[in-house]
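Visitor: Pasting a structure below so you can have a look.
No value in this document is a laboratory result; all are computed from the given coordinates. The model shown is predicted, which means the values in this text are computed figures rather than measured ones. Here the Cβ positions follow ideal geometry from the backbone for every residue, glycine too, while neighbour counts run over all protein chains shown.
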């Protein structure tokens, strides 16, 4: 049996994307979680929010929060994909300790 843990990821999508295109990014990443043996537990769409500081000259972005359960290898793969995906301004993945 594979050990699983709960994780949370927050990512910010480029504000120049349409709302539909930003939603497609969410679908892409929840799909990656599912395809790699994880389960998506909760999705929060915060919508377009002002950033605390400029990122790549942008003052706002589309915020998404996804809680998921997976094995230990998925978060590093997900982080790698966040880093090579155009349109992702920032992302973070944390393990939820309960």
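Visitor: Report relative contact order for the stretch 5-95 in percent, whole number only (criteria: Cα-Cα under 8 Å, sequence separation at least 6).
Guide: Normalised by residue count, the contact order of the stretch 5-95 is 47 percent.
Visitor: Starting from the Cα-Cα distance between residue 57 and residue 45, subtract it from 0.36 nm times their residue separation and give me the gain in nm to one decimal.
Guide: Separation in residues times 0.36 nm, less the Cα-Cα distance, equals 2.0 nm.
Visitor: What is the fewest-to-most order of 95, 6 by other Cβ atoms lying within 10 Å of their Cβ?
Guide: Ranked by crowding around the Cβ, least crowded first: 95, 6.
Visitor: How would you rank 73, 97, going from fewest to most other Cβ atoms within 10 Å of each one's own Cβ?
Guide: 97, 73
Visitor: Take the alpha-carbon centre of the stretch 19-41, take the same for the stretch 46-98, and report the distance between them in whole Å.
Guide: Their Cα centres are 12 Å away from one another.
Visitor: While we're looking at this one, here's another question. Quick check on the chain: what does the Kirkwood estimate of hydrodynamic radius come out to from the alpha carbon pairs, in Å?
Guide: 13.8 Å
Visitor: Would you order 82, 68, 29 from fewest to most other beta-carbon atoms within 10 Å of each residue's own beta-carbon?
Guide: Ascending Cβ contact count within 10 Å gives the list 82, 29, 68.
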